[in-house]
1. Using the Karplus curve 6.51 cos²θ - 1.76 cosθ + 1.60 with θ = phi - 60°, what ³J(HN,Hα) values do you get for each residue of region 56-70, in whole Hz, with x for Gly and Pro?
2. Report the label-to-label distance for residue 58 and residue 22 in nanometres (one decimal), using points 7 Å from each Cα along the Cα→Cβ vector.
3. Which value in deg cm²/dmol, rounded to the nearest 500, describes the helix-derived mean residue ellipticity at 222 nm for the chain, given -39,500 (n - 2.57) per DSSP H run of n ≥ 4 and division by the residue count?
4. Counting only heavy atoms of protein chains, what accessible area per residue, in Å², does region 5-112 have with a probe of 1.4 Å?
5. Return the sequence-ordered ³J(HN,Hα) values of region 26-31 in whole Hz as given by the Karplus equation 6.51 cos²θ - 1.76 cosθ + 1.60 applied to θ = phi - 60°, using x for Gly and Pro.
6. Per residue of region 14-25, in order, report the coupling 6.51 cos²θ - 1.76 cosθ + 1.60 (Karplus, θ = phi - 60°) as ³J(HN,Hα) in whole Hz, putting x for Gly and Pro.
7. Report the GluC sites (Glu not before Pro) located in region 1-96 that are in a DSSP loop and have at most 13 other Cβ atoms inside 10 Å of their Cβ, or state none.
8. Ignoring everything but the protein chains, give the 1.4 Å probe accessible area of residue 70 in square angstrom, nearest 10.
Amino acid sequence: MEVKRIGKHVINIIMKQRFDINKRQTFENTIRNLLNSQTRTIAVDMADITKIDSAAISSLMKAHSLAQNLNINFYLYHIPKHIRLVFESSNLITYFHILSEQESRGFLTIVD
């Protein structure tokens, strides 16, 4: 996992390879550390995730909820097909705000 700040208020989290129970705590700690008055948006790039498990999905849901409670935007983008299918079959596709390819390109050029 790599964390990049885009401008003052936008955080981009780039997930790598397996996102599972073994990486859950690191992800949750990272999210908690990023939730502050400076942060307005957190976006999670999932392009490089090869595997995801229910613990990781639960962590994403928790992060989404925490961010929402603090009026922080929480986005997912570049979701691989095999993970998108999991999200669709469990109806999570409607729970998260998922950026389209065009939206994600615009997002990555934000400087605030």
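The values are calculated or read from the model by the stated rules, or taken from the named source; none is laboratory data. Owing to the predicted nature of the structure, the values given are computational and were not obtained by experimental measurement. Here the Cβ positions follow ideal geometry from the backbone for every residue, glycine too, while neighbour counts run over all protein chains shown. The protein model used for the area step is the full one, side chains on, heavy atoms only, and it has no ligands, DNA or RNA in it. Shrake-Rupley method; radii C 1.70, N 1.55, O 1.52, S 1.80 Å.
1. So the Karplus estimates, Gly and Pro as x, are 5, 4, 4, 5, 5, 5, 5, 4, 4, 5, 4, 4, 4, 5, 9 Hz.
2. Reported label-point gap for residue 58 and residue 22 is 1.8 nm.
3. Counting only the DSSP helices, I get -12500 deg cm²/dmol.
4. Per-residue accessible area for region 5-112 comes out at 55 Å².
5. For region 26-31, the Karplus-derived couplings read 4, 4, 5, 5, 4, 4 Hz, x marking Gly and Pro.
6. 9, 7, 10, 6, 7, 10, 9, 4, 6, 10, 4, 5
7. Nothing satisfies the criteria.
8. Around 100 Å² of this residue is reachable by solvent.
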